[in-house]
């Protein structure tokens, strides 16, 4: 599937892009949002971050003197800016989760419908894969991951089956076989389900493998610390765990005036063009003048 950036007009409006401003796209991905921001800059600067090696390849196609790509996790945003002598920025964008390109690439292991190794790492060159987690975590640790990060009610049953299969040497090594195993545990016969029965377990594993929620807390904090007065932070989330964190951080920080009392959602035409946008929620805040 072609990468279609989500809520681009709302992103630009809420970032309030100034031509000479300094901005950060904390999740470059396919580069759609970065290109939209760059189109409004004249004398400004955009720094884009991503840990995905394929994002680096896509960033090389952006030939704009205002653009700089940095291979880094957004939890390290403050360090990235300090290394470049930048004390304050005018806006930071977070487009969270997994891009359509990552989902559609069968080598990455994010999808329940494509056969691939159980990897799920955003950066395939460091950290533990999903299979590593499945083969090393205790039954209780697995159940906690599935319940906390996937909100899966059958978390304990799934963890029990995984440990049993691990013990007898029959734990699946591919996404499709693992999805089939999970579906056999959580599926309710005769019940029509909108999502694949293994979706929540896959989400939980991906979040755990990449420490996505920990990184989000650190990244949002670094972004707010780095904003100048009047600068803005914009975050697009795709599931309730991310959205709760964004909402809490923006509302609990006295330095931030929340701009979105309710999250901005894509309209029906945007969802028709890009079905994966249907769960997107955009929240924004502005740093008060000190």
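Among strands (runs of 3 or more DSSP E) entirely within segment 1-75, having at least 2 residues that are under 14 Å from residue 93 (Cβ atoms), without any contact (Cβ under 8 Å) to a residue 60 or more places away in the chain and in contact with a strand residue (DSSP E or B) (Cβ under 6 Å, 6 or more places away or on another chain) singles out 45-50. Each residue in segment 120-137 was checked for being touching a residue at least 24 places away in the same chain (Cβ under 8 Å) and either part of a loop (DSSP other than H, G, I, E, B) or buried (at least 21 other Cβ atoms within 10 Å of the Cβ) (or both), and 12 pass. Looking across segment 138-160, just one residue is assigned to a loop (DSSP other than H, G, I, E, B) and farther than 15 Å from residue 203 by Cβ, and that is 138. Among the residues of segment 80-104, those identified as in a helix (DSSP H, G or I) and at pLDDT 95 or above are 80, 81, 82, 83.
Quick one: which of 200, 153, 166, 157 is more than 22 Å from the chain's Cα centre (by Cα) and under 23 Å from residue 115 (Cβ atoms)? Spell out the reasoning first.
Values: 200 fails: more than 22 Å from the chain's Cα centre (by Cα); 153 fails: under 23 Å from residue 115 (Cβ atoms); 157 fails: under 23 Å from residue 115 (Cβ atoms).
Testing whether each residue is more than 22 Å from the chain's Cα centre (by Cα) and under 23 Å from residue 115 (Cβ atoms) leaves just 166.
The values are calculated or read from the model by the stated rules, or taken from the named source; none is laboratory data. Computed from a predicted model, the values in this text were never measured in an experiment. Quick reminder, even Gly has a Cβ in these numbers, built from the backbone with ideal geometry, and neighbours come from all protein chains shown.
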